[in-house]
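Everything on this sheet refers to the single structure shown next.
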Amino acid sequence: MNTENFENRQEQDNLKYESLEDIELQEVKEDDPDFGSALEINVPEDSKTDIEAEVRNKLKTENWWLQEEWQEKGAPGEQIDIQTGKHKIILYNFGEPLQEQHLEELKRALEDISKVSNKLLTTIKYILINNVSKFNPQSGENFRGYSEGEMSAIQVYPEGRELMPYGRIEGVSNFDAIIIHECSHNIRKIDLDFVNKWRENFWVFIEDFDKKRKMSGSDEYRLDYDPINPDRCVSEYAKSSPDEDICESIVAALRAPAVLDPKKLQFIKSGLLKEEKPSEKIVLQKRDKIELPKKGSPVKYKVKKFQFKWEEK
């Protein structure tokens, strides 16, 4: 190992995550210029809540690197900066180095997601390649991916990064499909009207608790909706919920439209792909030195108090 590589390795080994205790907190009032962008904490009017503890809990929920799960892994082995127009996404890989095929599929997936909506990419700040599997009770198998909405991140688990056929939808690649699927969960953030109309057209709410489907592997958690016509779902996983149906259907619309139910394909085309638009230019750059994210100090927060209103019947 030459001197430069040795120094780089030492520098990476010495990387440390920011901790909650490192972050200075500062409450701001309406006359502060940063009041509008300050972190908002909602508490009851007469609450004796420890406000700073609430702020730190919120920071922990919204920032993955402040969570024990990730800090215990140590620094990621690979960082790839992804430029999507004016927006940047950072990929941190905690597993084996990504292969050239991973990078090609990642680039293509993000380009095609931008055709659905370029706003979708701006809802994502991080892609986290996890090195540990996790059970998914909804499918009865291990997770392949997961959308971390509060953290503006998507996770790809070991089963999701495998370069093999997707299995759920014929003719689709696994890693490519997982990136598209997890990005598509954020449709809810940018077009809730589309999500609601999809549910109204293709799903039915189950009012009777005893008739709700049990989630696989759980006797307690039950699913609130059933597909009106299960045969119109493009995969078994799509039958689990309206949101999963949307994500699986977008994968099919972009990768294998012939296998998607024509009514759902037309619904996506008219609702999300109604305009022919060029894809965003996606540029991937692998970093020589990993730079861990930081929230920085001080974190400014504002407190919004509310009163409980009890209605007498």
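The values are calculated or read from the model by the stated rules, or taken from the named source; none is laboratory data. Bear in mind that the values here come from a model prediction, so they are computed numbers and not experimental data. Note: ideal-geometry Cβ built from the backbone for every residue, glycine included; neighbour counts use all protein chains shown.
Please determine whether any residue of the range 128-144 is of a type in the set (A, V, I, L, M), buried (at least 18 other Cβ atoms within 10 Å of the Cβ) and in a strand (DSSP E or B). Yes, that holds for at least one residue.
A quick yes/no check of all residues on (1) assigned to a helix (DSSP H, G or I); (2) surrounded by 16 or more Cβ atoms within 10 Å (Cβ to Cβ); (3) free of Cβ contacts under 8 Å to residues at least 12 places away in the same chain:
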position: 97; (1), (2), (3): no, no, no
position: 101; (1), (2), (3): yes, no, no
position: 104; (1), (2), (3): yes, no, yes
position: 124; (1), (2), (3): no, yes, no
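Scanning the range 280-313 for residues that are surrounded by fewer than 16 Cβ atoms within 10 Å (Cβ to Cβ), at pLDDT below 90 and assigned to a loop (DSSP other than H, G, I, E, B) gives 296, 297, 307, 308, 309, 310, 311, 312, 313.
For every residue, the table says whether it meets (1) touching a residue at least 12 places away in the same chain (Cβ under 8 Å); (2) surrounded by 18 or more Cβ atoms within 10 Å (Cβ to Cβ); (3) more than 27 Å from residue 205 (Cα to Cα); (4) among the charged types (D, E, K, R).
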site	(1), (2), (3), (4)
239	yes, yes, no, yes
244	yes, yes, no, yes
247	yes, yes, no, no
253	yes, yes, no, no
257	no, no, yes, no
262	no, no, no, no
268	yes, yes, no, no
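Taken over the range 19-36, the criterion of being without any contact (Cβ under 8 Å) to a residue 40 or more places away in the chain and closer than 17 Å to residue 295 by Cα is satisfied by 21 alone. For the range 61-69, the condition holds for at least one residue, the condition being that it is under 23 Å from residue 300 (Cβ atoms), touching a helix residue (DSSP H, G or I) at 6+ places or on another chain (Cβ under 7 Å), modelled with pLDDT of 90 or more and assigned to a loop (DSSP other than H, G, I, E, B).
Remark: residue 82 falls outside the filter, which requires a residue to be touching a residue at least 60 places away in the same chain (Cβ under 8 Å), in a loop (DSSP other than H, G, I, E, B), crowded, with 19+ Cβ neighbours inside 10 Å and of a type in the set (A, V, I, L, M).
Given the structure, is residue 16 assigned to a loop (DSSP other than H, G, I, E, B) and at pLDDT 90 or above? Write out each step before concluding.
Details: assigned to a loop (DSSP other than H, G, I, E, B): yes; at pLDDT 90 or above: yes.
Spelling it out, residue 16 is indeed assigned to a loop (DSSP other than H, G, I, E, B) and at pLDDT 90 or above.
Considering the conditions (1) in a helix (DSSP H, G or I); (2) crowded, with 20+ Cβ neighbours inside 10 Å; (3) in contact (Cβ under 8 Å) with a residue 60 or more places away in the chain, residue 189 is excluded by exactly one of them, (2). In the range 19-53, the qualifying residues are those that are loosely packed, with under 12 Cβ neighbours inside 10 Å and in a helix (DSSP H, G or I), and the one that is modelled with the lowest pLDDT is 21. Within the range 238-264, the set of residues being modelled with pLDDT under 95 and part of a loop (DSSP other than H, G, I, E, B) comprises just one member, 241.
For the range 218-237, the candidate set comprises residues that are acidic (Asp, Glu) and either buried (at least 17 other Cβ atoms within 10 Å of the Cβ) or within 20 Å of residue 194 (Cα to Cα) (or both); within that set, the residue that is modelled with the lowest pLDDT is 224.
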